[in-house]
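What follows is a set of notes on a single structure, which appears directly below.
The values are calculated or read from the model by the stated rules, or taken from the named source; none is laboratory data. Computed from a predicted model, the values in this text were never measured in an experiment. In this analysis, Cβ positions are derived from the backbone assuming ideal geometry, glycine residues included, and neighbour counts consider all displayed protein chains. Quick note on the areas: whole protein, heavy atoms, side chains included, nothing else; ligands and nucleic acids left out. Shrake-Rupley method; radii C 1.70, N 1.55, O 1.52, S 1.80 Å.
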Amino acid sequence: MTLVSLAMAACSSDEIDKFIHKYDRNSEQGRGEDGVSSATELTPEQEEELEGLMNMLDVNQDGFVDTAELMIYCSNLGIDDATITEWFSEFDTNVSGSLDKVQFKEFFRKEWLSGSNAVCL
């Protein structure tokens, strides 16, 4: 399951459209023919949202989101453990089993700015 399909399962079309409008600072301009945003940085609003999301997912409040914490949350959304493991294999660059703030933001930056814009965790 991809993050986009997850968002489609967890959010209505109206919620996704609202989210895209709120966070896609280049909604019409700054996109190539393939529809992918040419932006490379998160907006201040995105940064703030991610900090809140990370605090919510970081159950033990150690400053990291580990695989177990994300698996618990995502199981309620129908995301299997294999998908979480796949995400971690790409973004847990120091192979610690957890994402620090930089790694966590990079994951979402890549998703938001890749054109999927449907991250709705």
Exercise. Considering (1) of a type in the set (D, E, K, R); (2) surrounded by 17 or more Cβ atoms within 10 Å (Cβ to Cβ); (3) at pLDDT 90 or above, say which one GLU111 fails and leave the rest.
Key: (3)
Exercise. Answer yes or no: is there a residue in the range 93-101 that is at pLDDT below 90, open to solvent by 20 Å² or more (accessible area, probe 1.4 Å) and part of a helix (DSSP H, G or I).
Key: no
Quiz item: Taking the range 38-92 as the search range and keeping residues that are open to solvent by 30 Å² or more (accessible area, probe 1.4 Å) and of a type in the set (Val, Ile, Thr), which one is modelled with the lowest pLDDT?
Solution: THR40
Practice problem: Tell me, yes or no, whether the range 22-31 has at least one residue that is open to solvent by 70 Å² or more (accessible area, probe 1.4 Å), within 16 Å of ARG109 (Cα to Cα), modelled with pLDDT under 85 and part of a helix (DSSP H, G or I). | Solution: yes
